[in-house]
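The values are calculated or read from the model by the stated rules, or taken from the named source; none is laboratory data. These figures come from a predicted structure and were not determined experimentally. Here the Cβ positions follow ideal geometry from the backbone for every residue, glycine too, while neighbour counts run over all protein chains shown.
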Amino acid sequence: MRPVAPETWTLTQPATPLRARPGTAHPPGATVAEGGVNFSVFSEHASDMELLLFESATAPEPFQVISLTDPEHRAFHFWHVFVEG
């Protein structure tokens with residue numbers, strides 16, 4: 001399987017707000033799972049975190065910004081959120 005070039009990424013539906021809920025700290029990074037994508041970011045010093053979602057790799061502005069709250073979206077030094085879709 002070959003990875004898709006970022007400049008070809010686009011949403012298949014119009015940009016409508018996606019539902020988000022607390023995710024899991026592991027594995028780190030973006031992980032596709034049944035029902036959506038889990039995002040986990042390590043930061044030893046962050047006091048807050050935002051996930052910016054873009055319609056395409058070339059979109060100038062995000063269509064949605066998800067603010068992660070502590071402690072709901074934080075475990076130790078990992079910030080995490082599950083985005084449905």
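Tabulated data for the structure shown
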quantity	calculated
Members of the range 54-68 that are outside any loop (DSSP other than H, G, I, E, B) and surrounded by 13 or more Cβ atoms within 10 Å (Cβ to Cβ)	S56, Q64, I66, L68
Positions within the range 70-85 being over 13 Å from P17 (Cβ atoms) and either surrounded by 13 or more Cβ atoms within 10 Å (Cβ to Cβ) or touching a residue at least 24 places away in the same chain (Cβ under 8 Å) (or both), in sequence order	E72, H73, R74, A75, F76, H77, F78, W79, H80, V81, F82
Test: residue in the range 44-53 that is assigned to a strand (DSSP E or B), touching a residue at least 40 places away in the same chain (Cβ under 8 Å) and either within 10 Å of the chain's Cα centre (by Cα) or on the phi < 0 side of the Ramachandran plot (or both)	no
Subset of the range 31-43 [polar (S, T, N, Q) and within 14 Å of the chain's Cα centre (by Cα)]	T31, N38, S40
Selection count, the range 2-32, where residues are modelled with pLDDT of 95 or more, among the hydrophobic types (A, V, I, L, M, F, W, C), over 17 Å from S67 (Cβ atoms) and surrounded by 11 or more Cβ atoms within 10 Å (Cβ to Cβ)	2
